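The values are calculated or read from the model by the stated rules, or taken from the named source; none is laboratory data. Note that the coordinates shown come from a computational prediction; the quantities given were computed from them, not determined experimentally. Quick reminder, even Gly has a Cβ in these numbers, built from the backbone with ideal geometry, and neighbours come from all protein chains shown. Areas reflect the complete protein model, heavy atoms only, side chains present, ligands, DNA and RNA absent. Shrake-Rupley method; radii C 1.70, N 1.55, O 1.52, S 1.80 Å.
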Amino acid sequence: MKKVTLQLETLTCPSCLAKIEGALNKLTGVESFKVLFNSSKVKAEIDETKTSVEEVKIAIERLGFTVISYK
């Protein structure tokens with residue numbers, strides 16, 4: 001398992017959080033995650049044999065959000 005933190009542009013509403021949670025729930029290999037509304041971060045544990053950090057980033061960006069950085 002790899003732990004990753006993605007920094008997003010500012011999340012402006014609770015529905016933004018719900019959209020991201022919905023997308024991450026559908027991704028195979030995302031074992032657990034937490035969307036932090038106040039700090040605009042997503043913390044996740046991923047199984048890199050099933051998905052990549054880049055795929056997580058793309059899934060979030062497809063929703064219209066900008067991922068500023070990840071580590």
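The table that follows gives values for the structure above.
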quantity	calculated
Rounded accessible area per residue of the chain, 1.4 Å, Å²	61
Percent RCO, i.e. relative contact order, over the chain, from Cα pairs under 8 Å lying at least 6 residues apart	46
Given (i) 18.3, 55; (ii) 10.8, 33; (iii) 13.4, 42, the label whose value is Rg and Dmax of the Cα atoms in Å derived from this model	(ii)
With every protein chain in place, the chain: carbon and sulfur % of accessible area (1.4 Å)	48
HN-Hα J in Hz across region 61-67 - Karplus 6.51, -1.76, 1.60, θ = phi - 60°, x for Gly and Pro	5, 4, 7, x, 9, 9, 8
Kirkwood hydrodynamic radius of region 15-55, from inverse mean 1/r over distinct Cα pairs, in Å	10.5
Other-chain or far-sequence residues with amide H under 5 Å of PHE65's (modelled H)	none
Region 44-54 - phi-based ³J(HN,Hα) in whole Hz, Karplus 6.51/-1.76/1.60, Gly and Pro as x	9, 10, 10, 8, 5, 7, 10, 7, 10, 4, 4
Counted charge near ALA59, where neighbours are those whose Cβ lies closer than 11 Å (Asp, Glu -1; Lys, Arg +1)	+1
LEU36 long-range amide H proximity, modeled H, under 5 Å	LYS41, VAL42, LYS43
Unit charges at the beta carbon, dipole of the chain: most positive-side option, LEU36, VAL56, ILE46	LEU36
